[in-house]
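The values are calculated or read from the model by the stated rules, or taken from the named source; none is laboratory data. Owing to the predicted nature of the structure, the values given are computational and were not obtained by experimental measurement. We place every Cβ from the backbone using ideal geometry, glycine too, and count neighbours over all the protein chains shown. Quick note on the areas: whole protein, heavy atoms, side chains included, nothing else; ligands and nucleic acids left out. Shrake-Rupley method; radii C 1.70, N 1.55, O 1.52, S 1.80 Å.
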Amino acid sequence: MYQLLTDSTVDLPYQLLKDKHVDFVSMNVTIDDQEYADDLGHHFDLTDFYHRIGNGVMPSTAQINIGQFIEFFKPYVQAHTPILYLGFSSDLSGTFNNAQQAKAMLLQDQPDAEIYLVDSRAACCGEGLMLLDAIDKRDAGMPIAQLADWLTENRLYYHQWFTVDDLNYLYHGGRVSRTSATVGSLLQIKPVMDVDPLGHLRPVQKVRSRRRSLTTLVNNTLADLRDQTKPRIIIATSDAQEAAQTVREKILAKVPDAEILLEHIGPTITSHTGLGCVAVFSFGKTKRQ
């Protein structure tokens, strides 16, 4: 048997990962000069975090460093348990590169260790949806090397559409320019964004109302669903439950048997999107271009 590993940017519930025997390593978030571990809601108070964001707090995040990864991987390596780590997009963080360096260092001492690393090229529940599929395939008996290959070969079929309500957080995180954030806010522009093949965020469309941006998320998702009858879809939001429910209802109106999970966007990703983000994650027919 082998061990599935991931990081907290999957934005899935702590208890779900515990029940499915998946271990994770936490990103760190700094708020008002105090650092907190993003532990998928196990101890971190997400409601309080949303409240503080709503009051204008601009948090910052830190990538998982090499030492953290060594300590994360080491117990499994020492127990001779093969591990497969599914990680946050390498184009959004240096975290995955640190995991690679940690692997290289561990292999110097234990060259026979089985350590598989997969760059999800995804963020938030895009990575989370990949993990759910990995869990299913692990439980169905897929060998670790085959699973690592499957995830790598299929990662670009995971589509990730999202919109934000406040461009200033994307500007603060370096995702859009100051001019784009200022003009967009004045004109009430709601960008529809996705994740490109390299795993980087990119603006795709600009619409002039929240309602239209949510409809665009739905239309873009439904246009490329691999499974047209019972697809598994994740809708995630940073404190915009009503908007997320609207998206859910619009999808179910077209695909009534869809398995839709509603999740919260955790502190790491919310630090860069701000409140009001709504995102839809699905497995598509075509690769991201």
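Which of the chymotrypsin sites (Phe, Trp or Tyr not before Pro) found in segment 94-152 are in a DSSP loop and have at most 13 neighbouring Cβ atoms, other than their own, within 10 Å?
Values: sites: Phe96, Tyr116, Trp150; in loops: none.
Those that pass, being in a loop and sparsely packed, number zero.
Each stretch of four or more DSSP H residues adds -39500 (n - 2.57); spread over every residue of the chain, this sum gives -12500 deg cm²/dmol at 222 nm.
Enumerate the amide H contacts of Tyr36 below 5 Å, restricted to partners 5 or more residues apart or on another chain; note that Pro and chain-start residues carry no placed amide H. Result for Tyr36 returns Val29, Thr30, Ile31.
Placing +1 on the Cβ of each Lys and Arg and -1 on the Cβ of each Asp and Glu in segment 5-83, which of Val57, Phe24, Ala79 has its Cα farthest towards the positive end of the resulting dipole? The residue sitting most towards the positive pole is Ala79. The HN-Hα couplings worked out from phi for segment 42-56 by the Karplus form 6.51 cos²θ - 1.76 cosθ + 1.60 (θ = phi - 60°) are 5, 10, 5, 8, 5, 4, 5, 4, 4, 4, 5, 4, x, 8, x Hz, whole numbers, x standing for Gly and Pro.
Largest GNM mean-square fluctuation among Pro197, Pro143, Pro59, using the chain with Cα springs under 10 Å: Pro143. Only the Cβ atoms of Lys and Arg (+1) and of Asp and Glu (-1) were treated as charged; on that basis the dipole of segment 201-281 about its Cα centre amounts to roughly 420 debye. Remark: the chain carries a charge dipole of roughly 1380 debye about the Cα centre, counting +1 on each Lys and Arg Cβ and -1 on each Asp and Glu Cβ. Taking trypsin sites (Lys or Arg not before Pro) that fall in a DSSP loop and have at most 14 other Cβ atoms within 10 Å as cut points, what is the longest piece of the chain between them? Within the chain, the longest run free of exposed trypsin sites (Lys or Arg not before Pro) spans 1-207.
Cβ under 15 Å from Leu262's Cβ, Leu262 left aside: what net charge do those residues give with Lys, Arg +1 and Asp, Glu -1?
On the way: positive: Arg232, Arg248, Lys250; negative: Asp11, Asp239, Glu242, Glu249, Glu259, Glu263.
Result for the neighbourhood of Leu262: -3.
How much of the accessible area of the chain, probe 1.4 Å, is carbon plus sulfur, in whole percent? For the chain, the apolar C and S fraction of the accessible surface comes to 48 percent.
Projecting the Cα atoms of Pro143, Ala258, Asn97 onto the charge dipole of the chain, computed from C-beta unit charges around the Cα centre, puts Ala258 farthest toward the positive end. Once all protein chains are placed together, Tyr36 keeps about 60 Å² accessible to a 1.4 angstrom probe.
Think of the chain as having a plus end and a minus end, set by charges on the Cβ of Lys, Arg, Asp and Glu; of Ile233, Asn220, Tyr36, Asn220 sits farthest toward the positive end of this dipole.
Entry comment: accessible area of segment 128-167 is 35 Å² per residue, from protein heavy atoms only and a probe of 1.4 Å.
A simple charge model with +1 on the Cβ of Lys and Arg, -1 on the Cβ of Asp and Glu and nothing else charged puts the dipole of segment 1-53 at about 280 debye relative to its Cα centre.
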